[in-house]
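Worksheet: the structure to be examined is printed underneath.
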Amino acid sequence: PRLANQIAAGEVVERPASVIKELLENSLDAGAKRIDIDVEQAGVKLLRVRDDGSGIEQDDLPLALSRHATSKIRDLDDLEAVATLGFRGEALASVSSVSRLTLTSCPEGADQAWQVETEGRDMAPSVRPAAHPRGTTVEVRDLFFNTPARRKFLRTEKTEFSHLEEVVKRLALSRFDVAFNLRHNGRPVLGLPPAQTEQEARRRVASVCGPAFVEQSRQIDSERSGLRLWGWVGLPTFSRSQADLQYFFVNGRMIKDKLVAHAVRQAYRDVLFNGRHPTFVLFMELDPAVVDVNVHPTKHEVRFRDGRMVHDFLFSTLYRALADQRPGDQAE
Ligand code: ADP
Ligand code: MG
């Protein structure tokens, strides 16, 4: 079983960024409103995620670390709905098989927190009392300490941390209502209070994407026949040298989609931002029944029932927004 876990871990646990993704999704699934992330050496030495979510009952603690022990699918309807982000029930098991993992939790109403600890083994962990406010802390130390081959595939600390930070940023943009704090080697990297008002949302986007992006972008909010598109789209004055600044969320879930990319590119081109690399933080909301977000759970793909309509809506909304910014130009 240990080998099976480690093999399975290959799919989930590629690098610290993949661990943090699983841990954060668990915290969000548990209804956390505040998540504190502490990282040392890009997460290879330490990854700690602390949340104020619903917690785990004492008896369920060892189960949470065993394979296929998800608490999230009760019946087939759940599978269909996939309201929760994670549903395979093996992330914690996989991570625990390649690290030293401590899980501490205090569920709502309990007068005592409990803790389990594993060390890269498939042992039945013993449960001991601990101190913890309502919520859960998962501490992952010495990632890949027992799988040196995988450890060798890790890049520099800088690269690994930027992957990890990117995961946090995506989730922070998908959940304005949740506070996120990220520290690396003791230094605060992201401090994001919950954002309720539009101004607070703007501030969060500025923290995540840089103030220059927010200043040199056009804020939009447009609705047509059941489709809503809101967010920020970068103007050509904003040039980004490094990585892509392209975030597109469909019903709160980050996607990368050809149809979306095409519509954005076309809007840029037609407003004569030729050769400009589009930058955007956009949120599309539509009836979940007309979009299939589970085409490919890991590849961020979606399938729209009426792709043409979505494309037209995206294109025309963005075209209008961008064209407005060009004095003398006729916006349709
Ligand atoms: P999955 O998320 O697919 O169910 P995981 O291995 O990620 O599987 O987690 C196993 C189980 O542990 C979850 O189903 C959940 O019951 C519990 N769990 C993990 N992390 C948390 C958390 N932060 N808060 C509450 N429960 C958690
Ligand atoms: Mg999970």
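The values are calculated or read from the model by the stated rules, or taken from the named source; none is laboratory data. Values in this document were obtained by computation on a predicted structure and should not be read as measured data. Positions of Cβ are generated from backbone atoms using ideal geometry, with glycine treated the same way; all protein chains shown enter the neighbour counts.
Applying the set (1) part of a helix (DSSP H, G or I); (2) surrounded by fewer than 16 Cβ atoms within 10 Å (Cβ to Cβ) to Asp292 leaves exactly one unmet item: (1). Scanning segment 255-267 for residues that are under 16 Å from Val281 (Cβ atoms) and surrounded by 16 or more Cβ atoms within 10 Å (Cβ to Cβ) yields Ile255, Asp257, Val260, Ala263, Val264, Ala267. Residues of segment 165-179 include at least one that is in a strand (DSSP E or B), of a type in the set (A, V, I, L, M, F, W, C), touching a residue at least 12 places away in the same chain (Cβ under 8 Å) and crowded, with 17+ Cβ neighbours inside 10 Å.
Kindly check whether there is at least one residue in segment 181-202 that is farther than 26 Å from Leu286 by Cα and in a helix (DSSP H, G or I). Checked segment 181-202: no residue is farther than 26 Å from Leu286 by Cα and in a helix (DSSP H, G or I). Do we find that Thr104 is modelled with pLDDT of 95 or more, under 20 Å from Pro62 (Cβ atoms) and either under 26 Å from the mean Cα position of the chain (by Cα) or assigned to a helix (DSSP H, G or I) (or both) in this structure? In short, yes.
Please verify whether segment 33-50 includes one or more residues that are surrounded by fewer than 18 Cβ atoms within 10 Å (Cβ to Cβ), at pLDDT 65 or above and within 8 Å of ligand 1 (Cβ to nearest atom). Looking through segment 33-50, none of the residues is surrounded by fewer than 18 Cβ atoms within 10 Å (Cβ to Cβ), at pLDDT 65 or above and within 8 Å of ligand 1 (Cβ to nearest atom). When Thr136, Thr147, Thr156 are checked against the criterion of being crowded, with 18+ Cβ neighbours inside 10 Å, over 15 Å from Lys21 (Cα atoms) and modelled with pLDDT of 95 or more, a single residue qualifies: Thr136. The set of residues in segment 272-302 that are modelled with pLDDT of 90 or more and farther than 20 Å from Asp244 by Cα comprises Glu285, Leu286, Asp287, Pro288, Ala289, Val290, Val291. Within segment 180-220, restricting attention to residues that are among the charged types (D, E, K, R) and free of Cβ contacts under 8 Å to residues at least 40 places away in the same chain, the residue that is nearest to Ala17 (Cα to Cα) is Arg187.
Screening Val205, Val127 for residues that are in contact with a strand residue (DSSP E or B) (Cβ under 9 Å, 6 or more places away or on another chain), within 21 Å of Gln58 (Cβ to Cβ) and surrounded by 14 or more Cβ atoms within 10 Å (Cβ to Cβ) leaves exactly one candidate, Val127. Candidates Val95, Val82: the one that is more than 27 Å from Leu182 (Cα to Cα), within 19 Å of the chain's Cα centre (by Cα), outside the structural domain of Val291 (by TED's automatic domain parsing) and at pLDDT below 95 is Val82. The residue that is nearest to Val95 (Cα to Cα), among those in segment 137-186 that are of a type in the set (Phe, Trp, Tyr) and touching a strand residue (DSSP E or B) at 6+ places or on another chain (Cβ under 8 Å), is Phe145.
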